[in-house]
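Below is one structure; the comments refer to it alone.
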Amino acid sequence: MSDSFETVRERMVRDQLQARGVSDQRVLQAMAEVPRHLFVDDAMQACAYGDHPLPIGGDQTISQPLVVAAMTEALQLTGSEKVLEIGTGSGYQAAVLSRLCEKVYTVERINSLLAGARKIFDRLHYYNILSRLDDGTLGWQEHAPYDAIIVTAGGPEVPKPLVEQLAENGRMVIPVGDRDVQELQYVKKVGDDVEIETLESVRFVSLIGAHGWNG
Ligand code: SAH
């Protein structure tokens with residue numbers, strides 16, 4: 001590739017995100033800053049800024065840039081929040097979040113992916129990301145409540161522990177549906193109730209765990 005990654009990244013932000021309605025300046029800035037190509041295998045770096053998801057090993061994928069941006073924007077982060085992510089994967093989504101809030105807690109069930117993500121967080125000095133190997137459908141009780149929760153794998157329902165660990169007025173985005181296709185749900189906690197809004201159709205890999213799919 002002749003253009004520098006920075007140039008290609010700016011083009012991604014303009015043509016794939018801004019042109020399609022992503023307007024939160026902080027989200028656009030974070031995605032212009034985080035080096036997405038470092039979160040994929042060397043052989044795939046040249047297509048890291050394409051308008052599509054990318055394989056990251058272990059049959060998992062890193063979402064298309066537009067999906068990352070749309071889900072992040074839905075959380076309405078201002079900089080002071082504690083955010084929980086379920087499904088660290090490559091670490092890219094957590095990296096974007098880390099530029100936009102105070103602290104990111106991220107949970108992954110596949111050890112090799114978590115190890116890879118941690119290496120890149122260190123390399124980029126993204127020290128406000130704390131990660132853990134576990135079944136994320138149980139949340140991460142120790143640091144609850146969270147101002148925002150993002151689930152980057154699709155399950156059959158919204159896991160109860162995640163609703164419980166959401167702060168008052170907290171927001172969660174999560175793909176819910178069957179194994180092949182899901183709807184992105186926006187869940188807001190208001191008192192003892194939750195308000196659920198359905199956003200677009202999406203395709204995520206499976207959320208596997210006690211409150212997800214069985215293996
Ligand atoms: N956010 C990631 C996307 C990774 S794909 C990124 O930016 O790259 C979804 C990830 O969710 C996979 O890595 C998968 O292993 C993980 N996952 C699935 N079920 C999980 C569970 N119950 N707890 C934690 N992680 C889970």
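The values are calculated or read from the model by the stated rules, or taken from the named source; none is laboratory data. No experiment lies behind these values; they were computed from the predicted model shown. As a convention, Cβ positions derive from the backbone with ideal geometry for all residues, glycine included, and neighbour counts pool all protein chains shown. Accessible surface areas use protein heavy atoms only, side chains included; no ligands, DNA or RNA. Shrake-Rupley method; radii C 1.70, N 1.55, O 1.52, S 1.80 Å.
The table for this structure:
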read-out: Solvent-free Debye scattering, log10 I(q)/I(0), computed from the Cα coordinates of region 133-215 at q = 0.17 Å⁻¹; value: -0.62
read-out: Cα-based reach from residue 103 at 17 Å (exclusive), listing lysines while leaving out same-chain residues under 8 positions away; value: 82
read-out: GNM top mover of 44, 31, 71 - the chain, alpha-carbon springs below 10 Å; value: 44
read-out: Solvent-accessible area, 1.4 Å probe, carbon plus sulfur percent, for region 1-149; value: 47 percent
read-out: Between region 169-203 and region 72-101, the Cα center-to-center distance that results, in Å; value: 16 Å
read-out: Å² per residue, accessible surface of the chain at 1.4 Å; value: 46 Å²
read-out: GNM flexibility winner over the chain from 187, 22, 151 (Cα, springs under 10 Å); value: 22
read-out: Where chymotrypsin sites (Phe, Trp or Tyr not before Pro) fall in DSSP loop in region 113-156, at most 14 other Cβ within 10 Å; value: 127
read-out: D_trans [Stokes-Einstein, Kirkwood Rh over alpha-carbon pairs] for the chain, 37 °C, 0.692 mPa s, µm² s⁻¹; value: 192 µm²/s
read-out: Calculated [θ] (222 nm, deg cm²/dmol) that DSSP helices of n ≥ 4 give over the chain, each run adding -39,500 (n - 2.57); value: -6500 deg cm²/dmol
